[in-house]
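Enquirer: This is the structure, below, for whatever I ask next.
The values are calculated or read from the model by the stated rules, or taken from the named source; none is laboratory data. Bear in mind the structure is a predicted one, so any value in this text is a computation, not a measurement. Because the Cβ atoms are built from the backbone with ideal geometry, glycine has one as well, and the counts that use them run over all protein chains shown.
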Amino acid sequence: MPTLPLRAFDSGLPRSGTWIGYPLLTDLDGDQRADMIVSNREEDGLHVYYSSTEPRWELRVQGIQRDLGYGSAVVRDVNGDGRSDLVFAAHLDGVRVYTQTEAREWQLVTQREPQAQFCPELQLDLTLCDLDGDPHADLAGIGQFQGGLQLWRGRGDGTFELQTKVNLPDCGSMGRDVEAGDIDGDGREDLLLACERGLKVLLRRTVADQPETVCFVDASEGLPKPSIGNILYSAALVRLTHDGPVHVACAGLADPARRTAHHTFGVWQRDASTGAWSLVSAPLAANSTAPSGPDHHADHRALAVADLDRDGDADLVLATIGQGVVVWRGDGTGRFTAAGKLEGLTGKNRVSIGDVDGDGWLDIAATIPASKDDPERGGVRVYVNTQGLWP
Ligand SMILES: [Ca+2]
Ligand SMILES: [Ca+2]
Ligand SMILES: [Ca+2]
Ligand SMILES: [Ca+2]
């Protein structure tokens, strides 16, 4: 597979280290250039890099404790001062909130619980969501080892309160990815999880006699449910066309004993009348020599979805172990054609998509994990997308 000629924007980024944490590209300072949150396991944990016009990445971690390890982050103004803030699920500490000061330093929010963090169980992934219709950002998290799906309401001052009146389907005790969005089109936010029980869609419902209870129902029929728990790594909400219905997608590992027992990659659509999901991405034909889409039974580590070539149809960035990180162009119907792979990646990577230089073309960040015995192999890379790449 050819390598996509994306320009590297790595000035100021680390060239070694155990960067296993989920990267996040998002604009922190309102200059329309996506900034980056990444973290490592063994060195100094959480890093925040601002994209500057030099062009260079500027590290700003003043105020952030340096021994939090890796974890996932979400960004939103949580205290209403107009500046974006950072919620970080630290592998070594629980969930912490840092607000961004005017000088772009970080200030730890004192939660109402006695500890700095407000979640006692470690969360492997977090997402912003709306649980109650008020303007304050709420959170959903999936436990790394225990606790399963948990929900917190934001109070609007940077503190969060665990929702205890909940009615949730069984998602198991752990998972790897949680996403929020309106999946069934009723105007309320639903949840999508890659968790111990497989790929799970939880639709928001209201129970008439319990209006205070946050209720979700399981609507996952037809989605992958591996017999080995917790081997799905990534889940994503997908609109194949920009105004189309919301589909769901996932990426994960195969059962080594039964490689075709479940789809390790796919895009599924929901039949509104039966409620069941069916695969719309074209699986690999058994003995076809025609150009085929992503392998639905290979081992995948990460998936990100965005319209990279700006033709209105969703494209994919799929990290496939042994094959690399491949950009797949979508045609809006569920078929994807390989455009090329990103240089220097093995496929055991995490990726995030955002516009790092503000030119309207979405760019890609990838973390390169390394073991602590061999940190020289690791690092963080950013690939800049341009119009000329897409004939
Ligand atoms: Ca920025
Ligand atoms: Ca703020
Ligand atoms: Ca596209
Ligand atoms: Ca760009």
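Enquirer: Quick test for you: out of S39, S16, S52, S72, pick the one residue that is polar (S, T, N, Q), free of Cβ contacts under 8 Å to residues at least 24 places away in the same chain and out of contact with any Lys or Arg (no Cβ under 7 Å at 6 or more places or on another chain).
Expert: Of the residues listed, the single one that is polar (S, T, N, Q), free of Cβ contacts under 8 Å to residues at least 24 places away in the same chain and out of contact with any Lys or Arg (no Cβ under 7 Å at 6 or more places or on another chain) is S52.
Enquirer: Show the residue pairs that are 6+ apart or on different chains and have beta-carbon atoms under 8 Å apart, the first residue being within the range 369-380 and aromatic (F, W, Y), the second being part of a loop (DSSP other than H, G, I, E, B) and loosely packed, with under 12 Cβ neighbours inside 10 Å.
Expert: From the range 369-380, no pairs qualify.
Enquirer: Now a separate question. Quick one: which strands (runs of 3 or more DSSP E) sit completely within the range 255-359 and have at least 1 residues that are over 26 Å from T26 (Cβ atoms), in contact (Cβ under 8 Å) with a residue 24 or more places away in the chain and of a type outside the set (V, I, T)?
Expert: Hits in the range 255-359: 265-270, 277-279, 336-341.
Enquirer: Quick check: is even one residue across the range 370-389 away from ligand 2 (no atom under 16 Å from the Cβ), under 18 Å from the mean Cα position of the chain (by Cα), outside any strand (DSSP E or B) and modelled with pLDDT under 95?
Expert: no
Enquirer: Could you give me the residue pairs with C-beta distances under 8 Å whose first residue belongs to the range 104-122 and is crowded, with 16+ Cβ neighbours inside 10 Å, whose second residue is modelled with pLDDT under 80 wherever it lies, and which are 6+ apart or on separate chains?
Expert: Within 8 Å, the pairs are Q111/Q117; Q111/F118.
Enquirer: Among the residues of the range 23-57 satisfying the criterion of being under 19 Å from W361 (Cα atoms) and of a type in the set (S, T, Y), which is farthest from the chain's Cα centre (by Cα)?
Expert: Filtering the range 23-57 for residues that are under 19 Å from W361 (Cα atoms) and of a type in the set (S, T, Y), the one farthest from the chain's Cα centre (by Cα) comes out as T53.
Enquirer: Looking at L308, L318, L362, which one is under 26 Å from P256 (Cα atoms), at pLDDT 95 or above and not small (G, A, S)?
Expert: Unique residue meeting the criteria: L318.
Enquirer: Being polar (S, T, N, Q) and under 18 Å from the mean Cα position of the chain (by Cα) is the filter; apply it to the range 129-182 and report the residue that is farthest from S234 (Cα to Cα).
Expert: So the residue we want is Q150.
Residue-wise test of (1) within 14 Å of ligand 3 (Cβ to nearest atom); (2) out of contact with any Phe, Trp or Tyr (no Cβ under 8 Å at 6 or more places or on another chain).
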residue	(1), (2)
D315	yes, no
I321	no, yes
W328	yes, no
N349	no, yes
G358	no, yes
P369	no, no
G379	no, no
N385	yes, no
